[in-house]
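We did not get these values from a lab; they are worked out from the coordinates using the rules stated. Not measured: the values here are computed from a predicted model. Here the Cβ positions follow ideal geometry from the backbone for every residue, glycine too, while neighbour counts run over all protein chains shown.
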């Protein structure tokens, strides 16, 4: 497979324009529709949108922290062979910083710098996925199992896309016109975030599944991230498409379970490193060679985003 | 031999996380191999010593790897290869017979013991052995080229590269137990691996080997 640079640039341009279009407040359109919506929407508390946005900032931050630590370790392992390997460290750090800032910020308006940082993070993730695809395609054997297992992982930069995207969506939710339900591109924000969460979870499951299959599921707990999060993804995906004013206790349960699973995964991976030859005393090899300690909390970040989405849908039902 | 890994000493890894107790025991045993023959007779020992000097000549400015001692130890310990050519008897028998036949060939060709010959004369006999041109009753039906190819070369070279002195030459870190390798790609190096000297970076690499590579 060959990736044409022009196609990459074109894709980047389209995404950039879409992002730019989304940052514009749909004020006029929203006002025109406000009388119709106001009839059906319950009391609109402007703080509700900011609250939801901050929850999403936290979700984006957790994913960014996971990506930052994971890419730092893995790219150090790769000896920063290509100078571009520093990029995710920079953008993930910025995304984390923007998330911390967003979490502390109670303003009901998008922040330009945060917007730029989140967009840059998402684009870096996209470019990184392209790089990793290209890297695998150049290896002898191309897209063989061997290369998918042991070359640059495809799912890792995708996590940076999710962090940037979640943060970017958080800014859109925060940018809600007072008295209006939060929307993203004309759609209910809660539904959009729920859908992104569902797809993100499925992608992360794919990555965990691939690498746990490589690890031959030698520990029964390795089945957890390929069984629980798919249920969660189905549940939150169903919520994205289904009726909005429902409690969805079961979906919340799966999301909380998945959030917990992300942290538990880190614990399991710490034990996994200890079980490698030489254990933690041989950390300089085993932290690189063993299971990636910072990877699992990506699940936690996505689950937090899913919970924020449910909150949004409950606060602003659209049916 | 050019020093590709200046200032690198694999034994400096001894008390680091690279080696564990098992590795230390294995290395200690190799370094403590008796320098006197336990399997070979005195005359076989002299022939073997001269043979080793021609197969793997060693520099005079460092203690040599005790090649004859390692060959003797392998036979004494009964460490087998796991396979054997049908034309060659078991390793101890093959070695005894091969050394005696080499000595006989030396007497016949030059009227003297193999170990007392000049290097050129020794090499001449070894070339004939390699090409299957040494015959006689002393070989007992064992093809001399098979003996050369499957006993002499492997046993002596394996002995050489089992010793830390050889590892220093090639920048090898010893048994990967417990610490092995992470960066497997071509021309990639883990920080605990020896750094190969290039003419340009020689000095810097030498300093790094001295301090970091443990």
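Taking the Kirkwood radius as the inverse of the mean 1/r across Cα pairs, report the Rg/Rh of segment A:67-120. Could you put the intermediate results ahead of the total?
Values: Rg = 13.6 Å, Rh = 12.2 Å.
For segment A:67-120, the value is 1.11.
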* Asked: For residue B:83 and residue B:55 in the same chain, what is the full-extension length gain: residue separation times 0.36 nm, less their Cα-Cα distance, in nm?
  -> 7.8 nm
* Using 0.36 nm per residue, how much length does the chain from residue B:189 to residue B:113 gain when fully extended, once their Cα-Cα distance is taken away? -> 22.5 nm
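Order of B:184, A:166, A:313, A:222 from fewest to most other C-beta atoms within 10 Å?
Values: B:184 9, A:166 32, A:313 27, A:222 20.
Starting with the residue having the fewest Cβ neighbours, the order is B:184, A:222, A:313, A:166.
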* To do: Report the relative contact order of segment A:186-319, percent, no decimals, based on alpha-carbon pairs under 8 angstrom and at least 6 residues apart.
  => 36 percent
* Structure fact -> Which of A:87, A:129, A:176 fluctuates most in a GNM of chain A (C-alpha springs under 10 Å)? That residue is A:87
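Hey, what did chain B get for relative contact order, percent, Cα under 8 Å, at least 6 apart? Could the numbers behind the result be given before it?
Numbers: 232 pairs, mean separation 78.7, N = 214.
Value for chain B: 37 percent.
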* Could you state the principal axis extents of the C-alpha atoms in the protein assembly as shown, from the largest down, to the nearest angstrom? -> 119, 47, 42
* **Fluctuation leader among A:229, A:220, A:88 - chain A, Gaussian network, Cα springs under 10 angstrom** => A:220
* Treating the angle as unsigned and between 0 and 90°, give the value, to the nearest 10°, between the Cα long axis of helix A:155-174 and the longest Cα principal axis of chain A. => 20 degrees
* Structure fact -> Rounded to the nearest 500, the 222 nm mean residue ellipticity computed for chain A from DSSP H runs (n ≥ 4, each -39500 (n - 2.57)) alone is -25000 deg cm²/dmol
* To do: Would you mind checking the tilt of helix A:87-104 against the longest principal axis of the Cα atoms of chain A, expressed as 0 to 90 degrees and rounded to 10?
  => 40 degrees
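What is the gain in length, in nm to one decimal, between residue B:28 and residue B:16 on full extension, counting 0.36 nm per residue of separation less the C-alpha to C-alpha distance?
Values: separation 12, 0.36 × 12 = 4.32 nm, distance 1.55 nm.
Going from the current span to full extension adds 2.8 nm.
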* Spin-label zone in segment B:58-76 - amide nitrogen under 13 Å from a point set 7 Å from the Cα of residue B:38 along the C-beta vector -> B:69-76
* Given labels modelled 7 Å from the Cα in the Cβ direction, how far is it in nm from residue A:104 to residue A:116? -> 2.0 nm
* Asked: Taking the alpha carbon gyration tensor of segment A:186-319, what are the square roots of 5 times its eigenvalues, largest first, to the nearest whole Å?
  -> 34, 12, 11
* Estimated distance in nm for a label pair at residue A:133 and residue A:187, the labels positioned 7 Å out from Cα along Cα-to-Cβ -> 2.1 nm
* Asked: Between the helical axis of A:46-77 and the dominant principal axis of chain A, each derived from Cα atoms, what acute angle in degrees is found, rounded to the nearest 10?
  -> 10 degrees
* Computed P(r) (all Cα pairs; segment B:26-181; 5 Å bins; percent) -> 1, 9, 18, 21, 20, 15, 9, 5, 2, 1, 0
* **Choice from B:152, B:71, B:26 with maximal GNM fluctuation in chain B (Cα, 10 Å cutoff)** => B:26
* Asked: Tell me, what is the percent relative contact order of chain A, built from C-alpha pairs under 8 Å that lie six or more residues apart?
  -> 25 percent
* Asked: Residues of segment A:280-319 with amide nitrogen under 19 Å from the 7 Å Cα-to-Cβ point of residue A:256?
  -> A:299-315
* **Cα-based convex hull volume of chain A per residue, rounded to whole Å³** => 127 Å³
